[in-house]
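The values are calculated or read from the model by the stated rules, or taken from the named source; none is laboratory data. Note that this is a predicted model, so its numbers are computed, not measured. Ideal geometry is used to build each Cβ from the backbone, glycine not excepted, and the neighbour counts take in all protein chains shown. The protein model used for the area step is the full one, side chains on, heavy atoms only, and it has no ligands, DNA or RNA in it. Shrake-Rupley method; radii C 1.70, N 1.55, O 1.52, S 1.80 Å.
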Amino acid sequence: PDDFKYFVDKMHEHGVRVMYDWVPAHYPKDAHGLDTFDGTHLFDHEDPRLGEHKDWGTRIFNYGRNEVKSFLVGGLMHMLDEFHLDGVRVDAVASMLYLDYSRNDGEWIPNKDGGNHNLDAIAFLQDVNGRVAKRYPGVLKIAEESTAFPGVTKSPADGGLGFDLKWNMGWMHDTLEFFQTSPEWRGQNLDQLTNTFLWAYSEKYVAALSHDEVVHLKRSLVEKMPGDDWQKLANLRLLFGFMFGYPGQKLLFMGSELAQHHEWDFKSELEWQGTNEGVARLLRDLNALYLREPALSEKQFAPEGNDYAHQRYPSQC
């Protein structure tokens, strides 16, 4: 813990903010962990229709129990208190919101109103986001949420969940599928780039190129691109340009910013040697543009951001 505190302090000295990946959606069945902690299902529901993620082989927290909520909220507050973290990204929010998440008929139990929303989990997220906003007003609250659940980035007072940002998973999947297509076939798939603009301003989105897309034999970003090495790098630069021009904030990591050829591997360091200078130079320019242009960095969540760009650069638009 002291080493991690030192690391965070050093990052802050250099103007780098540190985000915390928090996983209140589920927990493993390890014998030395929370599973049947006192011999009973203390932290989860005994009924597997409510208490088990079969896809992941994990248990689901019982968000209706005050003891469980206190345990989860207390753990998060401790991390923010002790380590001065700048943001919290909540993993697998979609699996928390829906009682029928990745379940077939007969494998889940409706809520008291007969619906498929996990009302206890929704109330829990609203509560914890409200607490973080009140106690740590500068800390970003980010949801990895992959469905069309309404109001993820609206305040709880307006019926929302209270997050500041939401990962735009639909944009990511459609965009990557488009760019993996050979250029001669892209014309018939342009809707993969344009459809997402229909709802780009419905939430405060992050255009994220996720860690999940560069692991488990899915290949690194540059290796997803079609063509020879020159074409792969050209397509990757085009992808980054499109990403920075798209509404919302941006997320790029796991070696993708270095045009890393190998998949992400937590056991080894990034491919610092042999970094493609053209990609690095482009990203430096794009980051500078992002900071300089209000249409990208101040009006990124509002349609008038596009209007501003049209007015300032009519010939390019």
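Between 0 and 90 degrees, rounded to the nearest ten: what's the tilt of helix 2-13 against the longest Cα principal axis of the chain? Helix 2-13 and the main axis of the chain meet at about 40 degrees.
For the range 1-116, what is the percent of antiparallel DSSP beta bridges, rounded to the nearest 5? Here the share of antiparallel DSSP bridges comes out near 55 percent.
Using only helices, what value at 222 nm comes out for the chain when you add -39,500 (n - 2.57) per DSSP H run of length 4 or more and divide by the total residues, to the nearest 500 deg cm²/dmol?
The helix contribution divided over the chain gives -11000 deg cm²/dmol.
About its Cα centre, the dipole of the chain is roughly 800 debye, where the only charges are +1 on Lys and Arg Cβ and -1 on Asp and Glu Cβ. Amide H neighbours of Glu52 under 5 Å, at least 5 residues apart or on other chains, H built in the peptide plane: list them. Those lying under 5 Å, H to H, from Glu52 are Ile60. For Tyr205, nonlocal amide neighbours, meaning residues 5 or more places apart or on other chains whose placed amide H falls under 5 Å from its own, are Lys166, Gln249.
The alpha carbon radius of gyration of the range 15-102, expressed as a multiple of 2.2 N^0.38 Å, is 1.18.
Sorted largest first, the spans of the alpha carbon positions of the range 148-296 along the three principal axes are 50, 38, 35 Å.
Our summary gives the range 69-117 a relative contact order of 22 percent, counting only alpha carbon pairs under 8 angstrom and 6 or more residues apart.
With an 8 Å cut-off on Cα pairs and a minimum separation of 6 or more residues, tell me the relative contact order of the chain in percent. Relative contact order here is 11 percent. Ranking Pro110, Ser220, Val206 by Cα position along the charge dipole of the chain, where only Lys, Arg, Asp and Glu carry charges on their C-beta atoms, puts Val206 farthest toward the positive end. Counting only protein heavy atoms and a 1.4 Å probe, tell me what percentage of the chain's accessible area is made up of carbon and sulfur. That share works out to 52 percent. Hull volume per residue, based on the alpha-carbon atoms of the range 1-152 and their convex hull, is 136 Å³. Looking at the range 248-285, the trypsin sites (Lys or Arg not before Pro) that sit in a DSSP loop and have at most 16 other Cβ atoms within 10 Å of their own Cβ are Lys267.
If you take the square roots of the eigenvalues of the alpha-carbon gyration tensor of the range 75-186 and sort them as a ≥ b ≥ c, do you get rounded (a/c under 1.5), prolate (a/b over b/c) or oblate?
oblate
Length gained on full extension, Phe71 to His173, computed as 0.36 nm times the residue gap minus the Cα-Cα distance: 33.3 nm.
How would you classify the range 174-217 from its alpha-carbon gyration tensor, with a ≥ b ≥ c the square roots of the eigenvalues: rounded for a/c under 1.5, else prolate if a/b is greater than b/c, otherwise oblate? Oblate, because a/c is 1.5 or more while a/b does not exceed b/c. All Cα-Cα distances of the range 124-168, cut into 5 Å bins from zero to the largest, leave 6, 25, 35, 24, 9, 2 percent in each bin in turn.
Going by Cα centres, the range 67-132 and the range 209-263 are how many Å apart? Taking the Cα centre of each part, the range 67-132 and the range 209-263 sit 31 Å apart.
What percent antiparallel are the DSSP beta bridges of the chain, to the nearest 5? Of those bridges, close to 25 percent are antiparallel. Heavy-atom accessible surface of the range 1-88, averaged per residue, reaches 59 Å², computed with a 1.4 Å probe.
Shape class of the range 88-129 from the alpha-carbon gyration tensor: oblate, with a/c at 1.5 or above and b/c at least as large as a/b. One decimal place: the segment Asn111-Thr181 gains 21.0 nm when fully extended, by the rule 0.36 nm per residue minus the C-alpha distance.
Just going by the charge dipole of the range 78-223, with Lys and Arg at +1 and Asp and Glu at -1 on Cβ, which of His84, Trp185, Trp171 is farthest out on the positive end? The one lying farthest along the dipole's positive direction is His84.
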